[in-house]
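Step one of this worksheet: look at the structure below.
What follows is calculated from the coordinates using simple rules that are stated; it is not laboratory data. Treat the numbers as computed from the prediction; the structure is a model and nothing was measured. Quick reminder, even Gly has a Cβ in these numbers, built from the backbone with ideal geometry, and neighbours come from all protein chains shown.
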Amino acid sequence: MTAPMPDRPVPAEMREYRRYALDLVGELYGGELAHPCHIYDLSAGGAELQVTTADAVPGLPEIAVIDIPLLGRYRASRVWQSGRAAGYAFALDPAARTAFDALLAHRFGS
């Protein structure tokens with residue numbers, strides 16, 4: 001099995017946490033800039049989002065804070081970017097990741 005390319009999303013079968021297909025409005029903060037965004041895919045491991053402003057392209061922040069209304073603010077690192085879309089991995093310790101996974105299951109699980 002070959003490792004995924006670092007600039008590509010990780011295949012679903014390789015993910016550690018359940019992902020939720022959503023359409024949440026949020027904010028991506030990097031440095032002193034804030035970018036409105038839509039969060040389309042969310043898990044305790046990270047988020048896939050798309051910024052809504054073209055001025056954010058080409059370089060979304062490598063280290064950012066993602067503000068997800070009703071869920072909180074999470075520090076994250078950019079894993080990949082394609083135009084205005086990007087994937088971010090959350091910087092959570094194991095206990096916080098487990099708690100966030102349970103919160104997502106409670107809010108969005110079936």
- Query: Where in the range 17-110 are there GluC sites (Glu not before Pro) that are in a DSSP coil and have at most 10 other Cβ atoms within 10 angstrom of their Cβ?
  - Reply: Glu32
- Query: Whose amide H sits under 5 Å from the amide H of Ala91, counting only residues 5 or more places off or on another chain, with H placed in the peptide plane?
  - Reply: Arg75, Ala76, Ser77
